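Any read-out appearing in this document is the output of simple, stated calculations on the displayed coordinates, not a laboratory observation. Nothing here was measured: the structure is a model prediction, and the numbers come from that model. Positions of Cβ are backbone-derived with ideal geometry, glycine not excepted, and every protein chain shown enters the neighbour counts.
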Amino acid sequence: MAVSSLQRMTVPLASDQSSSVQGLLMPKLKYRFRVMFENFGLSKPTTELTKQVVSVARPNLTFEEIALPIYNSTLKLAGRHSWADVACSVRDDASGSVSKLIGEQLQKQMDFLEMASASSGIDYKFLTKIEILDGGNGAATPVVLETWELYGCYLKGADYGELNYGTNEGVTVNMTIAYDNANQTPNGTGVGTAIGRTVGDVVTGAGQGA
């Protein structure tokens with residue numbers, strides 16, 4: 001049947017890897033997501049901020065490189081890791097709910113009227129949760145396909161954008177979010193998976209070799 005040809009619309013694999021007849025896995029879609037903030041600003045709830053999100057970046061992780069020059073070659077090891085800042089753009093609504101929340105968060109970090117800063121990070125840091133959904137809505141409850149939880153967040157920057165007579169666009173506020181750590185949940189799906197610390201020749205090589 002012609003329908004059976006759809007089962008071959010993917011990359012052919014070796015016979016010892018899988019069946020020769022298989023379908024392509026459904027990709028996660030960029031526009032099916034939501035972003036939630038916990039302990040952001042002072043006003044409750046923060047759902048208005050969630051509904052006004054335009055775009056958000058997923059975490060970006062890099063490791064510093066440790067180079068060991070040895071005779072005719074160089075060995076490379078993974079050094080300290082660093083989480084890159086996350087950009088999140090939100091629509092600035094006419095009621096001022098978004099501007100109010102963002103302003104409250106900035107004021108928690110630094111009181112710009114009294115020029116007094118927060119005494120410690122716990123006073124202003126918040127949690128950001130980014131969820132990729134399956135497209136469900138209403139009576140069909142959406143299924144969360146992936147969750148990133150960003151811990152120890154604070155607003156590194158808030159860009160209130162420009163006003164322009166020559167456009168038909170809504171006003172946005174672009175937030176730059178810095179954070180201390182991130183996990184991909186539920187456990188078992190990626191970053192944060194409990195795999196244990198490898199030692200010796202289990203995975204990393206013979207003995208204590210580099």
Everything considered on the Cα gyration tensor (a ≥ b ≥ c; rounded for a/c under 1.5, else prolate if a/b is larger than b/c, else oblate), segment 72-122 must be described as oblate
Which far-off residues, 5 or more places away or on another chain, put their amide H under 5 Å from the one on Asp134, with H placed in the peptide plane?
-> Val143, Leu145
Phi-derived 3J(HN,Hα) across segment 176-182 with the Karplus relation (6.51, -1.76, 1.60, θ = phi - 60°), rounded Hz, x for Gly and Pro, is 10, 9, 9, 8, 8, 7, 9
Would you mind classifying segment 85-172 by shape? Square roots of the alpha carbon gyration tensor eigenvalues, ordered a ≥ b ≥ c; an a/c under 1.5 is rounded, otherwise it is prolate if a/b is larger than b/c and oblate if not.
-> oblate
Would you mind counting up the charge near Leu127? Only other residues with Cβ under 10 Å from its Cβ, with Lys and Arg at +1 and Asp and Glu at -1.
-> 0
Work out from phi, with θ = phi - 60° and the Karplus expression 6.51 cos²θ - 1.76 cosθ + 1.60, the ³J(HN,Hα) of each residue of segment 80-87, listed in order in whole Hz, and give x for Gly and Pro.
-> 5, 9, 9, 8, 6, 4, 9, 9
Using only Cα atoms, find the angle between the long axis of helix 97-109 and the longest principal axis of the chain, and express it within 0 to 90 degrees, rounded to the nearest 10.
-> 80 degrees
Lys/Arg +1, Asp/Glu -1 at C-beta; the chain dipole; positive extreme among Ser43, Val191, Ala158 | Val191
From the square roots a ≥ b ≥ c of the eigenvalues of the alpha-carbon gyration tensor of segment 12-113, which class results: rounded (a/c under 1.5), prolate (a/b over b/c), or oblate?
-> oblate
Two-decimal log10 I(q)/I(0) for the chain, as the Debye equation yields it once each C-alpha is a single scatterer, q = 0.08, 0.09, 0.12 Å⁻¹ | -0.47, -0.58, -0.88
Over 31 Å between C-alpha atoms is what I'm after, so list which of Lys28/Lys100; Lys76/Lys108; Lys30/Lys76; Lys108/Lys129; Lys30/Lys125 land there.
-> Lys28/Lys100; Lys76/Lys108; Lys30/Lys76
Could you put Trp83, Trp148 in order, starting from the residue whose Cβ has the fewest other Cβ atoms within 10 Å?
-> Trp83, Trp148
Can you check what the net charge comes to around Tyr151, using other residues whose Cβ is under 14 Å from the Cβ of Tyr151 (Lys, Arg +1; Asp, Glu -1)?
-> -1
Using the Cβ atoms and a cut-off under 15 Å, what net charge is assigned to the surroundings of Ala140, where Lys and Arg are +1 and Asp and Glu are -1?
-> 0
Helix-derived mean residue ellipticity, 222 nm - over the chain, DSSP H n ≥ 4, -39500 (n - 2.57), to 500 | -2500 deg cm²/dmol
Going by C-beta contacts inside 10 Å, put Ile195, Ile132, Ile66 in order with the fewest on the left.
-> Ile195, Ile66, Ile132
When Tyr71, Tyr151 are ordered from fewest to most other Cβ atoms inside 10 Å of their Cβ, what list results?
-> Tyr71, Tyr151
Could you point to the residue in Gly96, Val53, Ser73 farthest towards the positive end of segment 41-144's charge dipole, with +1 and -1 charges on the Cβ of Lys/Arg and Asp/Glu respectively?
-> Ser73
What percent does the relative contact order of segment 119-196 come to when contacts are Cα pairs within less than 8 Å and at least six residues apart?
-> 26 percent
